[in-house]
1. Mind checking which residues of the range 198-235 are under 15 Å from Ala247 (Cβ atoms) and more than 17 Å from the chain's Cα centre (by Cα)?
2. Condition test on His206, is it in contact with a His (Cβ under 9 Å, 6 or more places away or on another chain), assigned to a loop (DSSP other than H, G, I, E, B) and either over 22 Å from Val64 (Cα atoms) or of a type outside the set (D, E, K, R) (or both)?
3. Consider only pairs whose beta carbons are under 6 Å apart and that are at least six residues apart or on different chains; among these, list those whose first residue lies in the range 133-148 and is under 23 Å from Ile122 (Cβ atoms) and whose second residue is not in a helix (DSSP H, G or I).
4. Which members of the range 189-211 meet the condition of being surrounded by fewer than 21 Cβ atoms within 10 Å (Cβ to Cβ), more than 22 Å from Glu157 (Cβ to Cβ) and at pLDDT 95 or above?
5. With the requirement that a residue be under 17 Å from Ser184 (Cα atoms) and among the small types (Gly, Ala, Ser), what does the range 51-84 give you?
6. So, Thr167, is that one more than 23 Å from Ile154 (Cα to Cα) and either among the β-branched types (Val, Ile, Thr) or surrounded by fewer than 19 Cβ atoms within 10 Å (Cβ to Cβ) (or both) or not?
7. Pairs, please: C-beta under 8 Å, at least 6 apart or cross-chain, first residue at positive phi and in the range 284-302, second in a strand (DSSP E or B)?
8. How many residues does the range 136-178 hold that are under 14 Å from Gly249 (Cα atoms), of a type in the set (A, V, I, L, M, F, W, C) and part of a helix (DSSP H, G or I)?
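The values are calculated or read from the model by the stated rules, or taken from the named source; none is laboratory data. Values in this document were obtained by computation on a predicted structure and should not be read as measured data. Glycine also receives a Cβ, built like all others from the backbone with ideal geometry; neighbour counts cover every protein chain displayed.
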Amino acid sequence: MRILVPLLVIFFMLSACSSHDNDADQPAPNQTRTEAVTPSGEAGPVSGDFADNPNARRFVDDMVNNHHYDRAQLESWLSHAKRLDSVIRLMDRQAPTPSQKPYGPTGAWLRYRKQFITPDNIRNGVDFWQQHAATLDRAYQEYGVPPEIIVGIIGVETRWGRVLGKTRLLDALATLAFDYPRRSEFFTHELETFLLMARDQHLDAHELRGSFAGAMGYCQFMPSAYQAYAVDFNHDGRINLWDPEDAIGSVAHYFQAHGWKAGDTIAVRGSGKAPGFKYGFENRYPLATLAAAGLKPTRSLGNHTEASVLRLDVGSGYEYWYGLNNFYTITRYNKSVHYSMAVWQLGDAVKQAVNHSLNPPWLASSN
């Protein structure tokens, strides 16, 4: 969003496994761990904001029947959940709407890039890299995903843990599952997975916080991504995405599972233009076809025989890039060319700063 994204610039980067909101900066919370989570009050039907909600009643029955969830505990969770109108408003702002693209370049990529690739952000990325260098190296050795990609993802998602989201996840997911018909099916599954996580990890579902869309931790996994890709990378017996070590390993595992090729090129700048092609990561074209149309790579593409055509609006015109397999893999985290390019370029900028020194001279000048 796309497990389990929150915070940052929400209107560009919501996905199924990565999602964020523009919450205020805050320190990373600790997961509240309990040996046995017991409902408060007497067992009974769901009360509170979701009382008499047919979707909530059906959800409880399904959880009990399909997962043997304790009915009294589940009804207590949902009775204390709040319906958040703010979450619905934010989701509506993410809904696709017809738009007329302006004629000619407007500098959209430069404005987007400026939000992430800044001197302060690079300095913070250097601090994160140096603090977790051993973990980043271990993730690279185990999954083949280089530190700069992991650092870039966590930097774009949560400013390396500085902006984790302050929305109570139970409230957000219940609101979207029960009272947001447009995506009710998706968020019902996310709520189901979230509550199974809380039960199996002995966590208090009332305490966990994240993005307005239900994304969690340093890497902003949705619950389904948590279920599929999160790992206990610090080997303490539990998976905690609010712990940077587990988050680093989980991002690396996610990328490996989505086809990352260790040591392969991500994208290459093109020279010329490629009129008549569909721009974006969804389509690939033979390199010979692109060359015949007037686009050539500025450096070797290795063994690649086809590529996507990426077009970035830089105001004075357009940059054309060859998007390769590893760029496509980054888009699996968030299906946006701008997002994926920002992740790559931010991570690369931090890598250069780490390699050259803590305070390289060029870092003092704004981009």
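1. Selection gives Leu208, Asp232, Phe233, Asn234, His235.
2. Working: in contact with a His (Cβ under 9 Å, 6 or more places away or on another chain): yes; assigned to a loop (DSSP other than H, G, I, E, B): yes; either over 22 Å from Val64 (Cα atoms) or of a type outside the set (D, E, K, R) (or both): yes.
So His206 passes the test.
3. Tyr140/Pro146; Val145/Trp260
4. Leu196
5. Once the filter is applied, which keeps residues that are under 17 Å from Ser184 (Cα atoms) and among the small types (Gly, Ala, Ser), the range 51-84 yields Ala56, Ala81.
6. Working: more than 23 Å from Ile154 (Cα to Cα): no; either among the β-branched types (Val, Ile, Thr) or surrounded by fewer than 19 Cβ atoms within 10 Å (Cβ to Cβ) (or both): yes.
For Thr167, the condition - more than 23 Å from Ile154 (Cα to Cα) and either among the β-branched types (Val, Ile, Thr) or surrounded by fewer than 19 Cβ atoms within 10 Å (Cβ to Cβ) (or both) - is not met.
7. Gly294/Gly272
8. Result for the range 136-178: 7.
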